[in-house]
Amino acid sequence: MVSLALLSSLFYTMHLSAVGGDPFLFGREDAPHILVNNRILATANGKPISVIDVMKKMDMLFYKQYPQYTSNAMARFQFYKMHWKDVLEDLIDKELIIADAEENKLDITHGDIRKEMELVFGPNIIMNLDKAGITFDEAWQMVKDDLTIRRMVGYKAQLKAFKRITPLVVRNAYDEFAAKNVHPEEWHYQVISIRDQDSVVGAEAANAAHQYLVHKQGSLEDLSATLAKRTSLTTNKPFGETAKITVSELYKHNEKEMSPAYKEALASLEPNSYSKAISQKSRSDKSTVFRIFLLLDHLQAGAPPFQKVDNTLKQQLLNSAMDEETTAYLKTLREHYHVHESGLQELLANGFEPFVLK
């Protein structure tokens, strides 16, 4: 069954003949052409749908998606081969929806069509239609049909879908989501490390770094370069001659991934705040390291709160309900209008190919 996206697609028709390919994409500069084995593929509401009808619809779709390859027969042929069956289903459903619209006396005004024409074809309508190889009358009818389809699907499927997705339905969906999406407590943080062979100088540099950060004397990215130029009161030399100052990448760790010392340092911090410089022993060489922790975020254990995901869940539920209601609507139309595709099945069984590249 065709999707709602296909039902509401509106594009332009182009000439079938090719005037050249894209040599970079296809490795050739000759101009192959496509032969069309025209047959009646299906009948919808008494109207036959032929290979030519399907080809025109695919030309519109192709022009919309790949305008740079409008004259490339190879690209067009590959597109035809992949999509002609789906587009046939689209055309069948389109005819049925239009017939249903006539039964329900749906009115599409000239103003509605004119506005949509300008939206789809742009301000230079005639020039763009000539480029696409489609007449003004054909474009007008296509736009009218597209508006009809969108409105009928809205009336027959969308309204029903909205009525189904009540606040209780969304809440129940959240409960299911929450049960499957429990995350552990997590800390997002960075670590500023200051090392110096002389622990007194290291402590002095760490204190200078802390003052720089909490008083916003510059950015975190510039911390190392800025402190390297400052003079130590202990040695009367720039910190950069002996001290090494590094800023870690952003860490996102849960409790199992953190050392007790790191967790203790972060426990008392608020998001976007720095700890005092903490003296710790390096596990690699047992030297003294001064660390300043920047806590960026602290996520409590549990599922994301309802307020953060309710809009997403509601949209997912609506999309699913729309698909179901649209499928049910189209199935009803096919039964009501007695759609016949037996001719197509017979053709396919005999190896029928609607398009051949020569």
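The values are calculated or read from the model by the stated rules, or taken from the named source; none is laboratory data. Source: prediction; values computed, not measured. No Cβ is skipped: glycine too gets one built from the backbone with ideal geometry, and neighbour counts run over all protein chains shown.
So is residue 208 at pLDDT 90 or above, farther than 30 Å from residue 332 by Cα and among the aliphatic types (A, V, I, L, M) or not? So residue 208 passes the test. Looking across segment 213-241, the residues that are under 17 Å from residue 277 (Cβ atoms), hydroxyl-bearing (Ser, Thr, Tyr) and assigned to a loop (DSSP other than H, G, I, E, B) come down to 232, 234.
State yes or no: is residue 212 of a type in the set (Phe, Trp, Tyr) and closer than 27 Å to residue 255 by Cβ? Step through it out loud before you land on a result.
Values: of a type in the set (Phe, Trp, Tyr): yes; closer than 27 Å to residue 255 by Cβ: no.
So residue 212 does not fit the description; no.
Only helices (runs of 4 or more DSSP H) whose full extent lies in segment 43-141 are considered here, and none of them has at least 3 residues that are over 22 Å from residue 155 (Cα atoms), among the β-branched types (Val, Ile, Thr) and not assigned by the TED database to the domain that holds residue 151.
Just give me the residues in segment 323-358 being more than 27 Å from residue 152 (Cα to Cα) and either touching a residue at least 12 places away in the same chain (Cβ under 8 Å) or in a loop (DSSP other than H, G, I, E, B) (or both), in sequence order.
We begin by selecting, within segment 323-358, every residue more than 27 Å from residue 152 (Cα to Cα); these are 342-358.
Answer for segment 323-358, where residues must be more than 27 Å from residue 152 (Cα to Cα) and either touching a residue at least 12 places away in the same chain (Cβ under 8 Å) or in a loop (DSSP other than H, G, I, E, B) (or both): 343, 344, 347, 350, 351, 352, 353, 354, 355, 356, 357, 358.
Within segment 62-102, the set of residues being touching a helix residue (DSSP H, G or I) at 6+ places or on another chain (Cβ under 8 Å), within 22 Å of residue 32 (Cα to Cα) and either of a type outside the set (S, T, N, Q) or surrounded by fewer than 21 Cβ atoms within 10 Å (Cβ to Cβ) (or both) comprises 62, 63, 66, 69, 70, 74, 75, 76, 79, 80, 83, 84. Taking the conditions (1) under 25 Å from the mean Cα position of the chain (by Cα); (2) within 25 Å of residue 140 (Cβ to Cβ) in turn, residue 92 satisfies each one other than (1). For segment 242-258, the criterion of being of a type in the set (Lys, Arg) and without any contact (Cβ under 8 Å) to a residue 40 or more places away in the chain is satisfied by no residue at all. Whenever a residue of segment 296-322 is under 26 Å from residue 253 (Cβ atoms), its partners that are assigned to a helix (DSSP H, G or I) and of a type in the set (Gly, Ala, Ser), lying with C-beta atoms within less than 6 angstrom and at least six residues away or across chains, give the pairs 303/178.
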